[in-house]
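For reference, the structure is listed below as structure tokens.
The values are calculated or read from the model by the stated rules, or taken from the named source; none is laboratory data. Being a predicted model, the structure only gives us computed values, none of them experimental. Neighbour counts run over all protein chains shown; Cβ positions are idealised from the backbone, glycine included.
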Amino acid sequence: MENRQGSQDELIVKSMAEPGPYGYRPRERPLLFYLDNGIVNLDKPRGPTSHTVTKLVKEILEYHGKIGHCGTLDPKVSGVLPVVLGNATKLSRLIAGSDKEYVGVLYLHGDVETSELEEALRKFTGPIFQRPPVKSAVKRSLRVRRIYKLKLLESEGRFHLLRTHVESGTYIRKLFFDIGEYLGVGASMRELRRIRSGIFSETESVKLQDLYEAYMIWKERGDDSRLREVILPLEVAVEHIPKIVVKDSAVASITHGASLKAKGVSMLSRGIRRGGIVAIMTLKGELVAIGRATMDSEEITSSDSGVVAQIERVIMPRDLYPPMWKKREGA
């Protein structure tokens, strides 16, 4: 199986199998079906809300299916905003739950020595208690969030440029406010840019103008190559997740809600742990479902029967692979 960088995942072969005539390799899906399984790694501008930008994506693509985004509602935040189309909306929670990186401007309301600020940043690195702000979309209960990294990049007067790497659900505006309270001078956030959301980074993001130009090239010339570059297949969202590759005969039963049985497994990633999340893939590299492993890699490899993964979210449409239960393989 190839990821978008073209490298090979290290997979253990449990049972050799060849892909049949069903389904499509992710990059080779017919265009309309490709859109229904697409993700736009959008570079959101500062100003409009994420809802507004997502609506613009829908209008640009003249897309009539379901669409959503995996980002903050704060209009002042710019940068990486994964926009999900069609079946990819089923991955919204998974994408939104990934760690984030930001670059932001902290404005201190009083003068503080650089050494004092750096000491404060060390104090706020690690697990911290945080209560969501009044205007948040979640319940305002006290919770723990982890700050993986908090680094001072440069300073100019009372303005300080910080780079943060945080757990999903961390409110950077509140973090900056709390740093100011700790220093005793008060603080506010003046600018914030998300430079990474999980596997989606700003170096690979596209602007609304890029999306519009790619769509117009396809509409006017029939050339969809550029459109397929700016819209990614949903499988990129699970590149970092351990995988179980199933035989064609097991696909339909999974899309109809069945657990994955040992006999349906063709290949699997090393390092799968019992209870860990896994991506259930076809031999052509399509994402079938997100599951939870009931065995580790070694157990799955050696097992001839039993359930190896419970399905938590089916992603693939039911009608893409036909039922093959009569073959008793993977059912």
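Given the structure, is R194 within 27 Å of H51 (Cβ to Cβ) and either in contact with a Lys or Arg (Cβ under 7 Å, 6 or more places away or on another chain) or part of a loop (DSSP other than H, G, I, E, B) (or both)? The answer is yes for R194.
Only one of the listed residues (I280, I311, I290) is in a strand (DSSP E or B), under 30 Å from V206 (Cβ atoms), among the β-branched types (V, I, T) and in contact (Cβ under 8 Å) with a residue 40 or more places away in the chain. That residue is I290.
Screening the stretch 143-176 for residues that are basic (K, R) and more than 13 Å from R194 (Cα to Cα) and picking the one that is farthest from the chain's Cα centre (by Cα) gives R158. Within the span defined as the stretch 2-11, every residue fails to be outside any helix (DSSP H, G or I), over 16 Å from the mean Cα position of the chain (by Cα) and modelled with pLDDT of 95 or more.
Here is the figure for the stretch 47-64: residues that are more than 20 Å from the chain's Cα centre (by Cα) and assigned to a loop (DSSP other than H, G, I, E, B) total 6. Scan the stretch 210-255 residue by residue and report those that are of a type in the set (K, R), out of contact with any helix residue (DSSP H, G or I) (no Cβ under 6 Å at 6 or more places or on another chain) and within 27 Å of H69 (Cα to Cα). Result: K219, R228, K243. With respect to K263, determine if the residue is in contact (Cβ under 8 Å) with a residue 12 or more places away in the chain and under 25 Å from D36 (Cβ atoms). In short, no. Criterion applied to K263, K219, K243 was being closer than 21 Å to A88 by Cβ and not polar (S, T, N, Q), and the one residue passing it is K243. Quick one: would you say S249 is of a type in the set (S, T, N, Q) and not in a helix (DSSP H, G or I)? Spelling it out, it is not the case that S249 is of a type in the set (S, T, N, Q) and not in a helix (DSSP H, G or I). State yes or no: is E59 free of Cβ contacts under 8 Å to residues at least 12 places away in the same chain, more than 22 Å from F176 (Cα to Cα) and loosely packed, with under 15 Cβ neighbours inside 10 Å? So E59 fits the description; yes.
Scan the stretch 179-191 and give yes if some residue there is in contact with a helix residue (DSSP H, G or I) (Cβ under 8 Å, 6 or more places away or on another chain), surrounded by fewer than 15 Cβ atoms within 10 Å (Cβ to Cβ), more than 30 Å from A289 (Cα to Cα) and of a type in the set (G, A, S), otherwise no. Yes, the stretch 179-191 has at least one match.
Selection of the stretch 154-170 for residues being assigned to a strand (DSSP E or B) and surrounded by 10 or more Cβ atoms within 10 Å (Cβ to Cβ) yields S155, F159, H160, L161, L162, R163, T164, H165, V166.
Okay, residues lined up against (1) of a type in the set (A, V, I, L, M); (2) touching a helix residue (DSSP H, G or I) at 6+ places or on another chain (Cβ under 7 Å):
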{"residue": "L81", "(1), (2)": "yes, yes"}
{"residue": "K100", "(1), (2)": "no, no"}
{"residue": "Y107", "(1), (2)": "no, no"}
{"residue": "D111", "(1), (2)": "no, no"}
{"residue": "E116", "(1), (2)": "no, yes"}
{"residue": "R145", "(1), (2)": "no, no"}
{"residue": "L161", "(1), (2)": "yes, no"}
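Pairs meeting the criteria (first residue in the stretch 219-233 and surrounded by 12 or more Cβ atoms within 10 Å (Cβ to Cβ), second residue part of a helix (DSSP H, G or I) and among the charged types (D, E, K, R), beta carbons under 8 Å, at least 6 apart or on different chains) are R226/E213; R228/R27; V230/D210; P233/R27. Inspect all residues belonging to the stretch 35-46 and state whether any of them is more than 26 Å from R292 (Cα to Cα), in a helix (DSSP H, G or I) and either among the hydrophobic types (A, V, I, L, M, F, W, C) or over 20 Å from the mean Cα position of the chain (by Cα) (or both). Checked against the condition, which is being more than 26 Å from R292 (Cα to Cα), in a helix (DSSP H, G or I) and either among the hydrophobic types (A, V, I, L, M, F, W, C) or over 20 Å from the mean Cα position of the chain (by Cα) (or both), the stretch 35-46 yields at least one hit.
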